[in-house]
Amino acid sequence: MRVTYNWLKDFVEIKIPAKELADKLTMAGLEVVSLEEKAGDFIFEIEITSNRPDWLSVLGVAREVAAITGAKLRVPSFLSARRSGRLNSQANKGSLKIKIENKKDCPLYTARIIKNVKVGPSPDWIRRRLELIGCRSVNNVVDITNYLLYELGEPLHAFDLDKINPEEIIVRRAKPQEKIITIDGEENRLSGEVLVIADKDKTIAAAGVMGGRDTEVSQGTRNILLEAASFDPIVVRRSRQALGKSTESSYRFERGVDSSMVSQASLKAAELIRECCDSEESGFMVSGVSKPKDIKVDLDTAYVSKILGINLAAAKVKHILTRLGFKVKHKSKNILIVGVPSFRQDVRTQVDLVEEVARIFGYELIPSSVPAIKPCVTISERRDLVSAIKNILTGLGANEAITYSLVDRAGLNNLGLKLDFGPIEIMNPLSQEQEILSPTLMLGLGRAVSFNLNQRQEHVAIFEIANIFKGAKEPEEELTLGIALSGAKSFFTGQGLVKDEAGLSNIKGMLEAVFVLLGVAGYEFISQGEERADIYIQKKKIGSMLKLNRQALRSLEIKNRDVFLLEASLDKLFAFARPNKIFTPLPKYPGIARDISFILKEGLSVKDILALLKGKGQPLLREIRVADYYKGSQIPLGYRGLTLACLYSSNERTLTEKEVQPIHDLLCETLTRDFAAKIR
Amino acid sequence: MDINSIKTQIDSEAQGISSAGELEEFRTKYLGRKGILAQLTGTIPSLALEQRSSFGREVNALKDKLLFVIAEKQKTLLPGQKETTFSSFDAGMPGIAQELGHIHPLTRITDEICAIFSRMGFSVVSGPEIETEYNNFTGLNIPLEHPSREAFDTFYLKDYAQMLLRSHTSPVQVRAMKERKPPLAIVVPGRVYRPDAVDASHSFMFYQVEGFLVDKDIKFSDLKGLLEIFAKAVFGNDIKMRFRPHFFPFTEPSAEVDISCIICKGKGCSVCGRKGWLEILGSGMIHPNVFKHVGIDPKKYTGFAFGMGVERIAMLKYGINDIRLFFENDLRFLRQF
C-alpha cells in the first residue's frame, strides 16, 4: 500500500518530517518498507497486515497518523453518518431496478446514473497523485474511481450505461458455462463460485474483482452507471481464486470494506465526475442495508494492565481509544464500554482493544520483566539419541546433510528401490520436482553424492537423519538414518598415506558404532547377494544397505564411481536402544589369549564359523573374534587368510595352558575338519 | 639358469633383506610382470610336450616358496618399520587422527536456540510434519477463508482429506496444550513447508523454532524480557532490540522483533536493507481463542508464544547469503561448520 505525505495532509495536519513519520508508523504496526522523495512529495510504501483493511486507504492511514501524533483528523463532511442516512433516503429515483439474488453474497448494492459525461484526460492533480502511488492514468472517469479507492478504501466501478440493458442490474452467482471477457482482455470461463453483475442479457462484471471489457468506459462513452457496493469477503475471495486475478478491488473486499461508507463514496465520485467531466446526474438506486450492526465491547482496564504488565489508568486507556475513533464511555470506574466504529471489523473482543492500547502507548515503553518459569522437565530421549548419533557419525568422518523431503517421482523410480508403500502425493505441488513426499533418504543422499563428485571431491561421506513418508492407510512418517559413501578416503597412518576405498563394510562399521553407542544387542547383517545386506535387530528388519546398481548410478549422473547407501529406521531402532549401561564386574582371574591363523575358502560364512566355535569352546572360551583378515599375493586365489583371537578365562581360577590347550586344539580341528581350513 | 640354482639364489638374497623397500625390490625381481618367474613361465611353450607339466609344477613350487619367503620376511620386517617416512616425529607434519565430519549449520543453530531455552527451564518437544488442517489453522485461530491464511500458503496431501504439510511449527502448540496442563514452557524445533519458488532467500522447505510459555500471570513484559535474554545470548550483548506491533492470528497483542543490524551496527547496509534493523522473530500473547480450542481457561491462564526461522538466524550469524546452500550439501560448505 502506497500513500504520499501531501495526500495524508488532506486529512491530518502533520508537523513532523516524513522520515520521522515513517518511523512512528513502523513502530505502530504500519511497517514502512520504503520511503521515497519524488516530485515534491514523499511516497510511503507500507506493509499492511491482513487484519487491517481500514489501513488500505489514505484516510485510514491518516486516522492512524492523527492517533499517533495527537493531531486532529479532518473528516470530510460528506463522510458524516447523518449524510449517509439522507443519501439513502433520497435514493431510488430512477427507472433501473436492482435485483440481488442472495443478500449474503451482496448485502448492499448502489447504482448511480450519470449522464452526458465527457470522457477525456484527468485533471493534473488526480493524475499526479495516482502516478506517484504507481497507478496508471486511464481516463477521467476511471481515474476518479481509482482515486477514491485509494483515498477511502472503497472500490467503485463505472459501466458504460449505453452498453448495458438499463432495465435491471442483477447480482447473482455465475451459471455453468457462462463466460466473460474482463477488461484485461482475457476470456474467463465462470463457475458457480463466482459472483457476477449482470443485466437482463449478459454478464457485465465479476463482482468485486474486475469489470467486463464490453461495458468498460472508453472515449466514446456518454452515460455511465456507477457501482458502489458491499460484497461478502469470502465470496470475493473464492471468485478471485477461481478467476486467478487479484485486483486492488478484490484485495480490499476480501479483507473487508466498510459498508457504511459505500453511499458516500458513490456521492463523492459523482461530485468529482461532475467537476471533471461536465456531467449531470439522473438517478441513484440502492438495494440492501448499509448500516452495519453497532458493536460494543466491555473493557476492564485492569485486564489491560494484567496482559501488558504495566499500570494504565482508565483515563489513559480511554484517551488512547478515543484518538483511534472508538466511542468510549465509563460503565464503572475501571470498566469501559467501547463502541467500535464500522471501519474496525477486526475489533470484537477485549484483547483486540488491549493491542490497540499497547500499540499507541508504545511497545517500547512497556518494560521488560523476567517470568518465573516452572520447568516441566521431560526427557526428550529421542532428541538426545538423535544428537548422540549425529555426534558419533561426525566423529567417524561423515558430514551431516539435509536434503529436500519433496522429490520427483521419476527420480525415485529410477533408483529402483522396493518400497512397502507408495509415496504420498502432493495435491498442489509447485513443480514436478516436488510432487511426492520422499519415502527414502537414499534419493536425496544419492543426489548429494553426485553433486559433490561433480565438484571433484575424492571422497564423499554424508549422512542425514530425517523423516521418510509412507502412503499407508493413514499417512506415516518414520524417523530414519541414511548414510552414503563414495570414493577413496585418504588418511595418514604411521606408514604414510593410505587410501581406503569405500565399501559396504565401511557403512556397516559406522552403523555398528551407532549400535554400540545405543546399547543395541542382537543385531545381524544378512547378505542378499553381493551388493546388498539387510539389517535386523532381534529378528526384526530395521533397514538395509546396498551398492547402487548401474541404472541407478546413471540416473544420478554418476560415472565410474561406486556409491554405497544405508537406510535404517530410527523409530524401529530406538525400540531396542538401551543407552543406560549396566556394569558387568571385571574378570577376577587373568585369561589366556590364543590366536588361530588359517586360510579359508571364500564363500564360507565367518559368522557361522564363529557361532559354532563359540559353542565348542565352552565353558572356558569367553570371547572369539576376527583379529585379522587378509587377501593378497601370499593367499591362493579363491581363499582368504583369517586370524581369530580367542580369549579363555574363568571366574573361579587362573587357567593353565594345560587346561586351555585341548579346547584350543578342538577349535583348530573343527576348522580343518568342518571347514577345510588350512592352519598356518 | 636352472630352477635349483634359482632356489639357492632366493635363499641367499632373502637373508640380506632388511627393509620393506628391499623386500619390494626382491618381490618385483621374481614375481613382477617381467620377473624371473614370468620369464620361466614364458619358456614353457618352447619345451617339449612331455617336459611341460613337470617344469610347470616346479615353477609353481618355486612360486609357493617365494610367497612363503616374502610373507615370513614381512612378518619380521613389520614391527620394526625403521625406515618409513614417519619414523621420527616432525612437529610440522600432519598429525594422525580420524578426520572429523561436520554437523549441519541448521542443526547447530537449532541446537543452540533450544539449548538457550532449555537452560531457562523450557522442554524441547517435537511434532509431526504431516498435520491436520485443524491443528495447522483452525485451532490456531486462523479461519480457513481468511486472507491471513495467505501468509501460510500450504502444501496439501492428495489422497488424504484435510491433511497437509505443516506450514509452521505452531500446530505443536495445539498438540502440546491439549496433552499437557499448564504451567508449560516448551520449545519446538522442526521442518516446515510452504509452496514458495526457490531463490536466494526462499525455500519450499525450511526450519523453525517455536516456543511458548503458559502460566498464571504471564505478561507482555515477560515476553519482552525473555526474548531480550535470548537475542543477546545468540547475537551478543551489544545488540539493540525493538518490538513492533504486528498481526498474527494466534497472538494478540502481537509483535515482530528486530535486532540492530549485526553487520552495520544499525547504520544501514545492504543486509538490513538500509534500515539498520533485522527482523528475527514473531511473537505475541497467546490469543484467548487458541486457549479455548485446546481447553485451557483463558481467564485463568495467559501466555506468550514466539517463532523464528532457523535459516534466517543461521544466515545472519554465519554470513551466508543464499538459502539454497543449506540444502545443496556441498562438502566445501558443510566442512566450514
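Values in this text are rule-based calculations from the coordinates and carry no lab data. Not measured: the values here are computed from a predicted model. Cβ coordinates were reconstructed from backbone atoms using ideal geometry, including for glycine residues, and neighbour counts include every protein chain displayed.
Tabulated results
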item	result
Per-residue ³J(HN,Hα) for segment A:491-508, Karplus 6.51 cos²θ - 1.76 cosθ + 1.60, θ = phi - 60°, Hz, x for Gly and Pro	8, 7, 10, x, 8, x, 6, 10, 10, 10, 6, 5, x, 4, 4, 5, 5, 4
Within a Gaussian network of chain B (alpha carbon springs, distance under 10 Å), most fluctuating of B:I96, B:I280, B:I296	B:I96
Net dipole in debye of the protein assembly as shown [+1 Lys, Arg Cβ; -1 Asp, Glu Cβ; about Cα centre; nearest 20]	1920 debye
For residues of B:130-143, the mean tally of beta carbons on other chains within 10 Å	1
No Cys partner within the rule (Cβ under 4.7 Å), chain B	B:C114
Cα long-axis angle, helix B:20-31 against chain B (0 to 90 degrees, to the nearest 10)	60 degrees
Debye intensity ratio I(q)/I(0), log10, the protein assembly as shown, q values 0.05, 0.08 Å⁻¹ (C-alpha model)	-0.48, -0.93
Alpha carbon centroid spacing (whole Å) that separates segment B:88-134 from segment B:1-52	59 Å
A:G591 long-range amide H proximity, modeled H, under 5 Å	none
Sorted by Cβ neighbour density within 10 Å, fewest at the top, the residues A:R554, A:R172	A:R554, A:R172
In order through segment A:642-657: 3J(HN,Hα) via Karplus (6.51 cos²θ - 1.76 cosθ + 1.60), integer Hz, x for Gly, Pro	9, 10, 9, 9, 10, 10, 10, 7, 9, 7, 9, 7, 7, 7, 10, 4
Positive-end residue, chain B charge dipole about Cα centroid, Cβ charges, pick of B:F155, B:T138, B:A231	B:A231
Ordering of A:113-121, B:129-137 by burial proxy (mean other Cβ atoms within 10 Å per residue, highest first)	B:129-137, A:113-121
Greater than 32 Å apart at Cα, pairs in A:K175/B:K292; A:K470/A:K547; A:K103/A:K245; A:K115/A:K202	A:K175/B:K292
Sorted by Cβ neighbour density within 10 Å, fewest at the top, the residues B:S126, A:S369	A:S369, B:S126
Under 19 Å from A:K473, Cα to Cα: lysines that are on another chain or at least 8 residues apart	A:K418, B:K158
Relative contact order for chain A, counting Cα pairs under 8 Å that sit 6 or more residues apart, in percent	9 percent
Relative compactness, segment A:547-680, computed as alpha-carbon Rg over 2.2 N^0.38 Å	1.45
Cut-off under 5 Å, modelled amide H: who pairs with A:H330 long-range	A:I337
Alpha-carbon spread of segment A:382-574, three principal axes, descending order, Å	58, 38, 33
Residues A:V171, A:V449 arranged by fewest to most Cβ contacts within 10 Å	A:V171, A:V449
Qualifying lysines (Cα of each under 25 Å from Cα of B:K267; at least 8 residues distant if same chain)	A:K19, A:K24, A:K38, B:K224, B:K232, B:K240, B:K275, B:K317
Centre separation in Å (Cα based) which lies between segment A:174-191 and segment A:96-153	22 Å
Under 5 Å, built H, 5+ apart or other chain: amide partners of B:H104	A:E400
Simple Cβ-charge dipole of segment A:594-680, Lys/Arg +1 and Asp/Glu -1, about Cα centre, in debye nearest 20	200 debye
Residues of type lysines that A:K539 reaches as a straight line, Cα spacing below 18 Å, ignoring anything fewer than 8 places off in the same chain	A:K508, A:K572, A:K607
Peptide A:450-456, shielding by other chains (average Cβ, 10 Å cutoff)	2
10 Å Cβ neighbours from other chains, averaged over peptide A:400-410	5
